[in-house]
Amino acid sequence: MARCPLVRVAILAALVVSGCGGMQRSEDLLTAVTTYNDGVRWSRFPAAASKLMPAERDAFLDERDQLADDLRITDYEVIRVRADQSAVRAVVQIKYTWFLDSRGIVHETHSVQDWERHGKFWMLAAEHRMRGEAMPGLAERAEADAGGDAGAGPPRSSAVAESPSRATLQ
């Protein structure tokens, strides 16, 4: 009879641990989303680039350095996060608030970010404008679907275009 409570404790502990494992995946995705979007918002481009595939990073950094002269992202908000059942793909909707120093008009733009899990890490596979004002450094839906132009827009576009299973980023 004394073993019965121990068995219950062991089962309860196993359930708690397995439940935390599922939660950890969500926290990892949200950490990746936050790292990328905070990096873009606060001009911490190397941090943001760490959430891109290695082949995309240099072009992304070059493009963001150019955009940083005029583009100011004053805020972003994670609107929706949808992960597939296998927790290897997710779609995240972001609302950016931004302006160009050269124009001084504040805009809101909604984007869709496609995330993929590569081993232990979540990587941004694609991003495009969903609605709102066109934003520098953010692909239009048609450009994202077509693969974008090499050298046009953020490096995310050209690097992601190399992978036929993903939409391109700009």
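The values are calculated or read from the model by the stated rules, or taken from the named source; none is laboratory data. Keep in mind that this is a model prediction, so the values were computed, not measured. Methodologically, a virtual Cβ is constructed for each residue, glycine included, from the backbone with ideal geometry; neighbour enumeration extends over all protein chains shown. For the accessible areas, the whole protein counts, side chains as well, though only heavy atoms, and no ligand, DNA or RNA atoms are used. Shrake-Rupley method; radii C 1.70, N 1.55, O 1.52, S 1.80 Å.
Here are the numbers for this structure:
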{"item": "Criterion (surrounded by 10 or more Cβ atoms within 10 Å (Cβ to Cβ) and either in contact with a helix residue (DSSP H, G or I) (Cβ under 9 Å, 6 or more places away or on another chain) or at pLDDT 95 or above (or both)) met by exactly one of Leu12, Leu67", "result": "Leu67"}
{"item": "Residue among Arg89, Arg72, Arg80, Arg57 that alone is of a type in the set (Lys, Arg) and free of Cβ contacts under 8 Å to residues at least 24 places away in the same chain", "result": "Arg80"}
{"item": "Members of the stretch 78-137 that are surrounded by 14 or more Cβ atoms within 10 Å (Cβ to Cβ), over 18 Å from Leu30 (Cβ atoms) and of a type in the set (A, V, I, L, M)", "result": "Leu100, Ala126, Met130, Met135"}
{"item": "Residue match in the stretch 22-42 (condition: of a type in the set (D, E, K, R), farther than 30 Å from Glu133 by Cα and either at pLDDT 95 or above or open to solvent by 60 Å² or more (accessible area, probe 1.4 Å) (or both))", "result": "yes"}
{"item": "Pair list, Cβ < 7 Å and 6+ apart or interchain, from the stretch 115-127 residues that are over 13 Å from Asn37 (Cα atoms) to residues that are surrounded by fewer than 17 Cβ atoms within 10 Å (Cβ to Cβ)", "result": "Glu116/Val88; Glu116/Arg89; Arg117/Ala87; Arg117/Val88; Trp122/Asp28"}
